[in-house]
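The values are calculated or read from the model by the stated rules, or taken from the named source; none is laboratory data. Predicted, not measured: the structure shown is a model, and the values here were computed from it. All Cβ positions, glycine included, derive from the backbone under ideal geometry; neighbour counts span all protein chains shown. These accessible areas exclude ligands, DNA and RNA; they are computed on the full protein's heavy atoms, side chains included. Shrake-Rupley method; radii C 1.70, N 1.55, O 1.52, S 1.80 Å.
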Amino acid sequence: MTARATRHPWGSIRVRTVTASVIVSAAFYVLAGGALLWQLQSSLLGSLDSSLGGLTQTLAASLQAGRTPGALPAPLSEASFYQVVDASGRVLFSSASVEGQDPVSRFSPAGATTQFWTLPTSPLGAGDRLRVSARQVTLHDTLATLYVGETLGPADQSMRDVRDVLLVSSPLLLLGVALLTWFLVGRSLAPVEAIRDHVERISLEDLHERIPDSRTNDEIARLATTMNDMLRRLDDAHQRQRSLISDASHELKSPLAAAYTELEVGLAHPEITRWPESARDVLGDLARMRAIIDDLLLLARHDEARYSSPVIDVDVGALARLEAGYVGRLTQATILVEQSGPLLVRANHDELSRAIRNVLENAAQHALSHVDVSLEVVGHDVEVRVDDDGPGIAPVDRERVFDRFTRLDVARSRSSGGSGLGLAIVRAIVEHAGGAVWFTGEAPGAHCVIRLPLSTAHTTSSATPTPG
C-alpha cells in the first residue's frame, strides 16, 4: 500500500508562494506608500515654509523701517494673511482677509528668529488647517509679534489625491503580483511535475528508463541529472541483486543436488550402500553449502550502511605470517613473508585475518611453486603485496575478479575454483577498514596489493625517540 504524503496546511507550493508574494508586496507597498506620503508632506511644508519665511522677513523689515500698514506687501494669496499683535494681545493691524478677528495665536518667539507650526483650523473660515510663521518685531520701541499664515488646503488636497491613488492602485497591484507569481511559479514547477510524473510511472522492471535531459544549466536540469543518477544506481543494484540471487541459487543447487542424489541412491539400494562413506559425502556437500551461506551473510552485513564491527590495533605483519603458515600447510606452494617490525592498523582482527587468508589461498591455488608476501609503509598507509608465479590475471579481468561469483577461465571448476566469493569478501572487509585492494603489475604471476591506513598508535610509537 503506497503511503500518501502529508498535505501542507497552506496547500501547494504554488499557493504558498503566491500568498507569501502578496503579503510581502502588500507590506512593501504600505511602507513605500507611507514613505511617499511623508516625503510629499515634507516637501509641501518645506516649500510653504520657505514662502512664509520670505514674506515674514520682508514684512518684519518693512514694519521696523516704519512703513504704514498700507505700504506693506500683499499676502501670498487669498488663502494667506498676516497679523501684528502687541504684548497685551491687541491686534495692531492685519491683512484685509482677517481684519477684526482675534489674534491667531499668543505665542511669541524670542529674539530675531522665525518659528513655524500648524494650527488645526484657519481664521479664514475654510475649515482647513493653517500653517503659521511668527517673528518678533519692534514698533516705536514696542515689542510686537508678526504672524503670517496660509491655509494647508491645497497641500492637504494633494496629499489626499496621492493617498486615494495609492488606495485604488494597491488592489490592482496586488492582483497583478498574485497573477504573475501564479503564472511564473506554475511555469517553473511544470518541469518538476513532469519529472515526478515520469518517475512515478517507472516500475521495478523499468529502471533502465531515464528522465529526458532538459538541456538547460539550471536547478531543474540538476534535479533531472540527480534523479537519473539515482535511477542508474537503483538499476545497477537491482541487476546485482538479480545476478546474486541467480548465482547463489546456482551455487547452492550443485551441492544440494549431489546430497539429494547420494541419499536417494542409498535409499533405493540400501543393501549395497556404504552408509559411512555416503554420510561423509553428504556432510561434505552440506559443508560447502554452509560455507557459501556464511560468505553471503558476511557480504550482506558489509552491504549494510549501518554495519559496524569491533576494531582494535592489529599487527598486520604478524597476521600475515600467521595466515601464511596456515595456508602453507594446506597447499603445495611455498609461501614466504618478508620480515618486518610491527605494523599496526585499526581493523576487526577476525575479518582482516579472513581477508589475508583469502588472498593467500587464491595466490597459492594458482601459483606454480611459490608465493611472496611483502609489507612496507607507504605514506600514512601500510601496503601488503602478495605475488605468485602463476599464470596471472589479464588487465581486463583485474577488476572483475572482485565481483561476486566471478571465476576466470582457469578457475571455472568448482572443485578447484571455490565459490567465487573469496575476493569479493576481501574487498568488502578491506574497504570497511578504510583501505583498498587491487591487482597490478605485469605477467607472469598475479600481484595483489592491499593498502590499509596505519593506526595512530603506530604513528605515535614510530615518532617516539628510542632512549639512548
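For segment 43-66, filtering for residues that are open to solvent by 50 Å² or more (accessible area, probe 1.4 Å) and in a helix (DSSP H, G or I) leaves 9. Evaluating P212 against the criteria (1) open to solvent by 70 Å² or more (accessible area, probe 1.4 Å); (2) free of Cβ contacts under 8 Å to residues at least 24 places away in the same chain; (3) over 16 Å from M230 (Cα atoms) leaves one unmet condition, (3). Looking across segment 183-209, the residues that are open to solvent by less than 70 Å² (accessible area, probe 1.4 Å) and aliphatic (A, V, I, L, M) come down to V185, L189, A190, V192, A194, I195, V199, I202, L207.
For D156, are the conditions met, namely being touching a residue at least 12 places away in the same chain (Cβ under 8 Å) and loosely packed, with under 15 Cβ neighbours inside 10 Å? Taking the combined requirement at face value, the residue satisfies it.
A Cβ distance below 8 Å, combined with a sequence gap of six or more or placement on separate chains, defines the contacts here; from segment 250-274, residues that are touching a residue at least 40 places away in the same chain (Cβ under 8 Å) reach no residue that is surrounded by fewer than 10 Cβ atoms within 10 Å (Cβ to Cβ) and not β-branched (V, I, T). The criterion of at least 2 residues that are β-branched (V, I, T) is met by the following strands (runs of 3 or more DSSP E) wholly inside segment 267-361: 312-315, 334-337. Restricting attention to segment 402-439, the residues that are farther than 15 Å from H302 by Cβ and at pLDDT below 90 total 16. For segment 76-96, state whether one or more residues are at pLDDT below 90, open to solvent by 80 Å² or more (accessible area, probe 1.4 Å) and part of a helix (DSSP H, G or I). Scanning segment 76-96, I find at least one residue that is at pLDDT below 90, open to solvent by 80 Å² or more (accessible area, probe 1.4 Å) and part of a helix (DSSP H, G or I), so the answer is yes.
Run W275 past the list (1) open to solvent by less than 60 Å² (accessible area, probe 1.4 Å); (2) touching a Gly at 6+ places or on another chain (Cβ under 8 Å) and report the number of the one that doesn't hold. Status for W275: all satisfied but (1). What about L330, is it at negative phi and modelled with pLDDT under 90? Yes, satisfied. Residue check: is V168 open to solvent by 70 Å² or more (accessible area, probe 1.4 Å) and part of a helix (DSSP H, G or I)? Considered against the rule, which asks whether it is open to solvent by 70 Å² or more (accessible area, probe 1.4 Å) and part of a helix (DSSP H, G or I), V168 comes out as yes. Residue check: T181 meets all listed conditions (1) modelled with pLDDT of 85 or more; (2) under 24 Å from the mean Cα position of the chain (by Cα); (3) among the β-branched types (V, I, T) but one, namely (2). Considering (1) touching a Phe, Trp or Tyr at 6+ places or on another chain (Cβ under 9 Å); (2) surrounded by 14 or more Cβ atoms within 10 Å (Cβ to Cβ), the lone condition that E399 does not fulfil carries the number (2). Residues that are open to solvent by less than 100 Å² (accessible area, probe 1.4 Å) and in a helix (DSSP H, G or I) within segment 215-231 comprise I220, A221, L223, A224, T225, T226, M227, N228, D229, M230, L231, listed in sequence order.
What do you reckon, is D285 in contact (Cβ under 8 Å) with a residue 24 or more places away in the chain, open to solvent by less than 100 Å² (accessible area, probe 1.4 Å), charged (D, E, K, R) and over 30 Å from A194 (Cβ atoms)? The answer is yes for D285.
So in segment 9-42, with the set limited to residues that are in a loop (DSSP other than H, G, I, E, B) and open to solvent by 80 Å² or more (accessible area, probe 1.4 Å), which one is modelled with the highest pLDDT?
W10
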